[in-house]
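The values are calculated or read from the model by the stated rules, or taken from the named source; none is laboratory data. If you're wondering where the values come from, they're calculated on a predicted model, not measured in any experiment. A quick note on method: Cβ atoms are made from the backbone with ideal geometry, for glycine too, and the neighbour counts reach across all protein chains shown.
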């Protein structure tokens, strides 16, 4: 409860100065406490109980007859009581409440300063306020504060502007909310993803060409990468977390740095896969050739094929800037492929590669075109079409053979100058 104290002048006059409430952020009303407190104008005497006593500090007061007044500093545990002359008055417990007029105060003596006094600055963040400069402030009632409302620090962190680019500008509010929670778990994700590194939770890594610091991940490109794992798991943070941890461990187990340095025989893999041109929106285009004549050599060593295919994928990802482009187009060419041209090794290799891409390269595919597909394989595709997830099916197109059919399917996405001639474009190709 805020009261008025006085400072004796040289002429023994009493000049009221406001004290600072011990609990400036809580306003109490009679309805809340059930207490009856006298009106401020009817106060005859004040009994100020403090433990430790009030601390007084001289400061400048232009309103007092003598150029000194007192700053009253209270600990939160101070108790102020007043003798009531009339019941039913409204208590005034608030920070720096209105000052009682001098003619209603009979006598108030400030307590002696104590060495145990606690400075006001321990209970407020702003500069120390003198009694003469205090102004009435209405403190919010307890009922006006929502349970679980964020503190000013939490609000400041939550309202800090996010780094933005073209791709993050497409995030929904739900995606931003999930991303913030997911991003906060990065230190532990890194610790779980690199269990043999005791400092993994504080060590930056390069992932898909972008440096990710687990403790400072506020980069628009990082947001785009993390969002891919969230979208692949329908914004489920536990599932996205598990996927990212698994990916980090897989990249270690395959020794990705060594894979990228490995030299693969061009006479075996040179005609199997290519990165050529971009689509009309800047996405790289990757060609997988399944009808090569040396498939027995390509799939003869399944693990070597996997390393080669992972290296090709990483080179494709390296062409994404995660500012304007974050996906690619794939063209799978089945020219010359028959149902009998695939042996056990090629099927095993294809199955493992598919699993790797689904598990560790999520949401990187914009469109996939199956071209030069034999009639029988086209029929098989349509049989299994109902079993393919709708989101995956929306990205897939099965195209027959012939220059006209290929051009009709591909040119709407890829400019003819970027499309090889064998696929209906004007470029020389590979």
**OP:** Would you check which residues across the stretch 371-387 are exposed (fewer than 15 other Cβ atoms within 10 Å of the Cβ) and touching a helix residue (DSSP H, G or I) at 6+ places or on another chain (Cβ under 9 Å) and list them?
**Re:** 385
Original post:
out of contact with any helix residue (DSSP H, G or I) (no Cβ under 9 Å at 6 or more places or on another chain), under 27 Å from residue 314 (Cβ atoms), at pLDDT 95 or above and surrounded by 14 or more Cβ atoms within 10 Å (Cβ to Cβ): does that describe residue 413?
Top reply: yes
Original post:
In the stretch 309-318, is there at least one residue being farther than 21 Å from residue 358 by Cβ and either part of a loop (DSSP other than H, G, I, E, B) or assigned by TED's automatic domain parsing to the domain that holds residue 220 (or both)?
Top reply: no
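Residue-by-condition table, conditions (1) free of Cβ contacts under 8 Å to residues at least 60 places away in the same chain; (2) in contact with a strand residue (DSSP E or B) (Cβ under 9 Å, 6 or more places away or on another chain); (3) under 25 Å from residue 319 (Cα atoms); (4) crowded, with 18+ Cβ neighbours inside 10 Å:
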position: 165; (1), (2), (3), (4): no, no, yes, no
position: 172; (1), (2), (3), (4): yes, no, no, no
position: 176; (1), (2), (3), (4): yes, no, no, no
position: 187; (1), (2), (3), (4): yes, no, no, no
position: 199; (1), (2), (3), (4): yes, no, no, no
position: 202; (1), (2), (3), (4): yes, no, no, no
position: 207; (1), (2), (3), (4): yes, no, yes, no
position: 211; (1), (2), (3), (4): yes, yes, yes, no
Original post:
Looking at residue 245, is it farther than 16 Å from residue 317 by Cβ and assigned by TED's automatic domain parsing to the domain that holds residue 348?
Top reply: no
Subject >> Residue, nearest to residue 287 (Cα to Cα), within the stretch 416-430, restricted to residues that are within 41 Å of the chain's Cα centre (by Cα) and crowded, with 16+ Cβ neighbours inside 10 Å >> reply: 419
**OP:** From (1) in a helix (DSSP H, G or I); (2) surrounded by fewer than 18 Cβ atoms within 10 Å (Cβ to Cβ), pick out the condition that doesn't hold for residue 182.
**Re:** (2)
Subject >> So residue 157, is it at pLDDT below 95 and either more than 18 Å from residue 322 (Cα to Cα) or out of contact with any helix residue (DSSP H, G or I) (no Cβ under 8 Å at 6 or more places or on another chain) (or both) >> reply: yes
Subject >> Unique match (being assigned to a helix (DSSP H, G or I) and closer than 18 Å to residue 287 by Cβ) among 406, 376 >> reply: 406
**OP:** Could you tell me whether the stretch 349-358 includes any residue that is over 27 Å from residue 265 (Cβ atoms) and outside any helix (DSSP H, G or I)?
**Re:** no
Original post:
Among (1) part of a helix (DSSP H, G or I); (2) on the phi > 0 side of the Ramachandran plot, where does residue 336 come up short?
Top reply: (1)
Original post:
residue 255 passes all but one of (1) free of Cβ contacts under 8 Å to residues at least 40 places away in the same chain; (2) more than 33 Å from the chain's Cα centre (by Cα); (3) closer than 23 Å to residue 355 by Cβ; which number fails?
Top reply: (2)
Original post:
With 294, 267 as the choices, which residue is out of contact with any helix residue (DSSP H, G or I) (no Cβ under 8 Å at 6 or more places or on another chain) and either at pLDDT below 95 or more than 30 Å from residue 426 (Cβ to Cβ) (or both)?
Top reply: 267
